[in-house]
Amino acid sequence: MDSIPLVHASLGEQELAAVAEVFASGWPAGQGPRGKALEAQLAQKYGVADAVAVSNCGAALHLAMLAFGVKPGDEVIVADYGFPAPAQAALYVGATPVFADVRPDTYTVDPQAVADLVTERTVGIIAVDTVGMPADYAELQAVADRHGLFLVEDAACAVGATYQGRQAGALAEVGCLSFHGRKGASSGEGGALLAADPKIGADARLRSSFGIGSIFDMGEVVGLPIPTFTEIGYNFKLSDIASAILQVQLGRIDELLQRRDTVARQYAELLADDDLLSVPYVPNDRTHAWQTYMVTLDAGVDRGAVATELRGQGIGCGHGTFAGHIQPVFEAKQKCPVSADLAARQLAIPMHAELTQDQVARVAQALRSAVRTHASTGRRAA
Ligand SMILES: *Cc1c(COP(=O)(O)O)cnc(C)c1O
């Protein structure tokens, strides 16, 4: 039987044609015509003052911390359940990440947990749209406003999702997107910072190119003014090759998301009645981008054995996502029991836009059978 991968980036002929055009143009590096066009496309799509194309979402989060002036001794409250890039970003600038637990039903950060962690050293909050599910931005913004904190949306997984009719990525004053090969729109590696305040966007763009402006633009200037380096900068630029790929991918977001949404509906239909696992819940006021589809196994099911069995049948799977507070690098003092429990029990099953109905049915059937085989005896009899 053919194998069914956990993830698959939908890149094809259209993206290849866009790359060929960049080759012909002679400007493959960043902040050239394609990069600028992508930034304009993103700013327009998201209705934000500025969009900065960068090398990855980790860089976007780092630039956000720099733009908000986060410094050593500051505390940044981060959502615990998700790829722990936000906590890393706090560490890049010498601040302390403080981990807030998540809601057991949506896996997104619990606004009350955030409010409870605010101290006089807190400067901001980074919420995560967990595997594509937007967090509770109305409540989070209220906490941020009450205490004068910045709010960043890590929308790495959420391209295409919505919250109260608004697009994920534009739900806070700064949104960070990822275009990594495992996300809903991809250029292999890539990211963007979306800013409601043009000053934040300009700061991020300058620091993303070693603290000087676009080298492409300098080539166009009449005369030879001497460029000045005014900030400590980094090289976080996105190449024009990647930008060209993303311009095509952005045009395909709705189509790709619709296909993943169909897969999610089919899984829900085939798995909802199983008493040894539960499927994701999506509140009425938001839509999911389905970067990952995670089921939650009953506590009596041996997850490792289920994964081994699925992989033995050529079906890709993985743990859900990460509980940051238990990772040794962060030396966290907080306890996040909901996140720790989810990290122990969730299983990611194949989710991408190329899955066929038959493949989804085969995954669901194999999963139902495997959880039965690997449930503790008491549960199996039930
Ligand atoms: C994937 C991911 C990132 C990192 O994105 P890169 O583009 O690989 O740097 C950050 N945050 C979350 C929540 C992610 O899932």
Name the most mobile residue of Phe23, Phe150, Phe210, meaning the one with the largest mean-square fluctuation, in a Gaussian network model of the chain with Cα contacts below 10 Å. Phe23
Mind sorting Thr162, Thr96, Thr356 by how few other Cβ atoms lie within 10 Å of their own Cβ, fewest first? Thr356, Thr162, Thr96
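Is the shape of the chain best called rounded, prolate or oblate, per the rule: a/c under 1.5 gives rounded, else a/b larger than b/c gives prolate, else oblate, with a ≥ b ≥ c the square roots of the Cα gyration tensor eigenvalues? Mind dumping the intermediate values first?
Working: a/c = 2.28, a/b = 1.39, b/c = 1.64.
Oblate.
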Using only the alpha carbons, work out the radius of gyration and Dmax of region 166-227 in angstrom. 15.2, 45
Which entries of Lys183/Lys333; Lys36/Lys237; Lys183/Lys237; Lys45/Lys71; Lys36/Lys71; Lys71/Lys333 have Cα-Cα distances beyond 23 Å here? Lys183/Lys333; Lys45/Lys71; Lys36/Lys71
Just want the ordering: Tyr81, Tyr234, Tyr281, from fewest to most Cβ atoms lying within 10 Å of their own Cβ. Tyr281, Tyr234, Tyr81
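Taking 8 Å as the Cα distance limit and 6 or more residues as the minimum spacing, I'd like the relative contact order of region 309-360 as a percentage. All intermediate terms of the calculation are to be shown ahead of the outcome.
Numbers: 39 pairs, mean separation 21.0, N = 52.
Reported as a whole number, the value is 40 percent.
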Which order do the peptides 126-135, 259-268 come out in when sorted by mean C-beta neighbours inside 10 angstrom, highest first? 126-135, 259-268
How would you rank 141-148, 3-10, 326-333, highest first, on the average number of other Cβ atoms within 10 Å across their residues? 3-10, 141-148, 326-333
Could you give the distance between the Cα centres of region 244-312 and region 27-105, to the whole Å? 25 Å
Helix 303-312: angle to the longest alpha-carbon principal axis of the chain, degrees 0 to 90, nearest 10? 80 degrees
Distant-in-sequence amide H partners of Val128 (H built 1.01 Å from N, under 5 Å): Ala79, Val109, Asp154
Amide H neighbours of Ser209 under 5 Å, counting only residues 5+ apart in sequence or on other chains, H built in-plane at 1.01 Å? Tyr234, Phe236
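Test of understanding: what is the full-extension gain from Phe210 to Ala268, defined as 0.36 nm times their sequence separation minus their Cα-Cα distance? Can you show the working numbers first?
Details: separation 58, 0.36 × 58 = 20.88 nm, distance 4.74 nm.
Result: 16.1 nm gained on full extension.
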If one takes the longest principal axis of the Cα atoms in the chain, at what angle in degrees, from 0 to 90 and to the nearest 10, does the Cα axis of helix 137-147 lie? 60 degrees
Report, by chain and number, residues whose modeled amide H sits under 5 Å from the one on Glu173, excluding near sequence neighbours (fewer than 5 apart, same chain). Leu151
Tell me the relative contact order for region 253-381 as a rounded percent, counting alpha carbon contacts under 8 Å between residues six or more apart. 35 percent
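Starting from 0.36 nm per residue, how many nanometres of slack lie between Ala138 and Gln313 once their C-alpha separation is accounted for?
On the way: separation 175, 0.36 × 175 = 63.00 nm, distance 4.36 nm.
Gain in length upon complete extension: 58.6 nm.
Between Glu220 and Asn284, what is 0.36 nm times their sequence separation minus the Cα-Cα distance? Round to one decimal in nm.
Answer, rounded to one decimal: 18.0 nm.
Do you know the relative contact order of the chain, to the nearest whole percent, from alpha carbon pairs under 8 angstrom that are 6+ apart?
Values: 847 pairs, mean separation 88.8, N = 382.
Contact order relative to length: 23 percent.
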How high is the FRET efficiency from Glu231 to Ala37, r the C-beta distance, R0 22 Å, rounded to 0.05? 0.30
Just to confirm the number: angle between the C-alpha axis of helix 57-67 and the first principal axis of the chain, 0 to 90 degrees, nearest 10? 50 degrees
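Every read-out reported here was derived from the displayed coordinates using simple, explicitly stated rules and does not represent laboratory data. Source: prediction; values computed, not measured. For neighbour counting, all protein chains shown are included, and Cβ atoms are generated from backbone atoms with ideal geometry for every residue, glycine included.
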